[in-house]
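Engineer: Quick one: structure below, then a few questions.
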Amino acid sequence: PIEIIGEQSVVLRQFASPMQHELIAAIDQIVAQAPFRQMITPGGYVMSAAMTNCGSLGWITDQKGYRYQPLDPSTGKPWPAMPAVFETLAIQAAALAGFDHFKPDACLINEYVVGAKMSLHQDKNERDMSQPVVSVSLGITANFLFGGVNRQDKTQKILLQHGDVVVWGGVDRLRYHGILPLKAASHPLLGERRINFTFRRAG
Ligand code: MD3
Ligand code: FE
């Protein structure tokens, strides 16, 4: 059951559910080495989602700008390695959506508590825009906004639930997107929060 949400974007409902426990155990291990932290935008705002990364490159923002880098600025150490269960999931999801040979080198992990959001934005810090982004949602449900390539374009609202995987690529790669403020709820495994991780080819 592949849900088509754009010319080259699909939702794979519950695709991550069979490995949910392995994914959460892997996230716990990553966070033990590279804790979630709220980063600062170049404009000086504290992001409401807390973030960490795994893989050879990690996405960061600070007063100087947005970029990918091999070292965690909080610890000075390399980001934790990408767990095999992560990489396999990302490659399989990308292939189902028609993107063969996807080999992610970066995984950004976002943690949202109730009220946290992500304003409408484009992802354009990656070198090769022909590579897709694969996203995995865990924990409480979020309202995802999917817009067009111009900020003013109308948006569609898509509910993302625990286990849902989305693949975005090709002509949809530069579409605006965001997360509405998270509503209060509790998930049996993750409590009052949502964790989303996105796989990219950054370098
Ligand atoms: C569509 N994260 O980390 S994932 C992000 O749920 C981000 O945490 C949101 O936007 C989250 O940058 C949304 C879905 C997503 C990620 C990247 C995209 C959708 C995308 C890139 C292009 C188009
Ligand atoms: Fe994004």
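Engineer: Any idea which residue in segment 72-96 is nearest to residue 12 (Cα to Cα), counting only those that are surrounded by 13 or more Cβ atoms within 10 Å (Cβ to Cβ) and of a type in the set (D, E, K, R)?
Structural biologist: Per the criteria, the residue is 87.
Engineer: How many residues does segment 166-187 contain that are near ligand 1 (Cβ under 10 Å from one of its atoms) and part of a strand (DSSP E or B)?
Structural biologist: 6
Engineer: Among the residues of segment 99-126, how many are over 25 Å from residue 29 (Cα atoms), more than 16 Å from ligand 2 (Cβ to nearest atom) and surrounded by fewer than 13 Cβ atoms within 10 Å (Cβ to Cβ)?
Structural biologist: 3
Engineer: Within the bounds of segment 191-199, is there any residue that is under 13 Å from the mean Cα position of the chain (by Cα) and either surrounded by fewer than 17 Cβ atoms within 10 Å (Cβ to Cβ) or farther than 22 Å from residue 51 by Cβ (or both)? Walk me through how you get there before you give the answer.
Structural biologist: Keep residues of segment 191-199 that are under 13 Å from the mean Cα position of the chain (by Cα), which gives 194-199.
The next check asks that each one be either surrounded by fewer than 17 Cβ atoms within 10 Å (Cβ to Cβ) or farther than 22 Å from residue 51 by Cβ (or both); those that pass are none.
The answer is no, given that none of the residues of segment 191-199 is under 13 Å from the mean Cα position of the chain (by Cα) and either surrounded by fewer than 17 Cβ atoms within 10 Å (Cβ to Cβ) or farther than 22 Å from residue 51 by Cβ (or both).
Engineer: When segment 129-152 is examined, which residues are found to be touching a Phe, Trp or Tyr at 6+ places or on another chain (Cβ under 7 Å), more than 22 Å from residue 202 (Cα to Cα) and not small (Gly, Ala, Ser)?
Structural biologist: Of everything in segment 129-152, just one residue is touching a Phe, Trp or Tyr at 6+ places or on another chain (Cβ under 7 Å), more than 22 Å from residue 202 (Cα to Cα) and not small (Gly, Ala, Ser), namely 151.
Engineer: Right, something else. Would you confirm, using the coordinates I've provided, whether residue 147 is of a type in the set (Gly, Ala, Ser), more than 14 Å from ligand 2 (Cβ to nearest atom) and within 15 Å of residue 179 (Cα to Cα)?
Structural biologist: Values: of a type in the set (Gly, Ala, Ser): yes; more than 14 Å from ligand 2 (Cβ to nearest atom): no; within 15 Å of residue 179 (Cα to Cα): yes.
Here the answer is no, as residue 147 does not meet what is asked.
Where a number appears in this text, it was derived from the coordinates with a stated rule and is not lab data. Note that the coordinates shown come from a computational prediction; the quantities given were computed from them, not determined experimentally. All Cβ positions, even for glycine, are placed from backbone atoms using ideal geometry, and neighbour counts span all protein chains on display.
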